[in-house]
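The values are calculated or read from the model by the stated rules, or taken from the named source; none is laboratory data. Because the structure is a prediction, the values reported are computed rather than measured. Here the Cβ positions follow ideal geometry from the backbone for every residue, glycine too, while neighbour counts run over all protein chains shown.
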Amino acid sequence: MEEKRPSFIHTASKIISDFFNPLVSLFIFFIFMSLREYSWKDSLLYFLPILLMVIVPVVIWLVWNVKTGRYTNMDVSNRIQRKTLYIFIAVCVLAYLGFNYVKNGYIDFVMLFILILLFALQVSNFFIKSSMHTAFNVFVAALFFALDWKMGFIWLGIAALVGITRIILKRHTVKEVLMGAGIAIVVSFIYLYCNIQFQH
């Protein structure tokens, strides 16, 4: 019997969902912010610690756990498997926040709110497997919005698209995607409010 080939919608959803995973979306934002706000040298000094202390360790952690069979896939769709992922990411973000505070004397606002979003998702994970892909892309839209409202709206469209792909791929239910989006909207509004207050 011939194997059923995945439909175009399923294939396109997989490409969109895989590409706009939380790490890639945040990576794109940090590159955009670094180049817009800083000189080449300053952007490298800002972005390199985030890359080496957060992004690279999380990628290694994911690959290692998938290879050893602790995680089913790179998405970490399993609710129980997710607990250790949240803890590991939080440890990396806390290490970076500590390093940045000691080195530069200020708390990185963006990374602090990433930690808050992670904590909110970890709490919700006890009750419902909220979509991390959707949550982080909604939050990235807020991060873009603080710099460039047009980019913010574009990324909000991407976040909605990612949410739809998670449902098509059966990685999340509609409820889980809406929960992820809802948590991120609350965190995003607090971030944008604090960002406005901080600038004045």
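Scanning the range 61-82 for residues that are in a loop (DSSP other than H, G, I, E, B) and over 21 Å from ILE128 (Cα atoms) turns up THR68, GLY69. Selection of first residues in the range 23-44 that are closer than 14 Å to VAL110 by Cα and assigned to a helix (DSSP H, G or I) and of second residues that are among the aromatic types (Phe, Trp, Tyr) and modelled with pLDDT of 90 or more, restricted to Cβ pairs under 7 Å at least 6 apart or on distinct chains, gives the following pairs, ordered by first then second residue: SER25/PHE136; LEU26/PHE136; PHE29/PHE144.
Determine whether SER17 is free of Cβ contacts under 8 Å to residues at least 24 places away in the same chain and either in contact with a strand residue (DSSP E or B) (Cβ under 7 Å, 6 or more places away or on another chain) or part of a helix (DSSP H, G or I) (or both). No; evaluated as a whole, the condition is false for this residue. Which residues, counting only those in the range 37-63, are closer than 15 Å to ASN100 by Cβ and among the aliphatic types (A, V, I, L, M)? Selection gives LEU44, LEU45, LEU48, ILE50, LEU51, LEU52, MET53, VAL54, ILE55. Scanning the range 71-86 for residues that are among the β-branched types (Val, Ile, Thr) and surrounded by fewer than 18 Cβ atoms within 10 Å (Cβ to Cβ) yields THR72, ILE80, THR84. Restricting ILE116, ILE89 to residues that are surrounded by 18 or more Cβ atoms within 10 Å (Cβ to Cβ) and under 15 Å from the mean Cα position of the chain (by Cα) narrows the list to ILE89.
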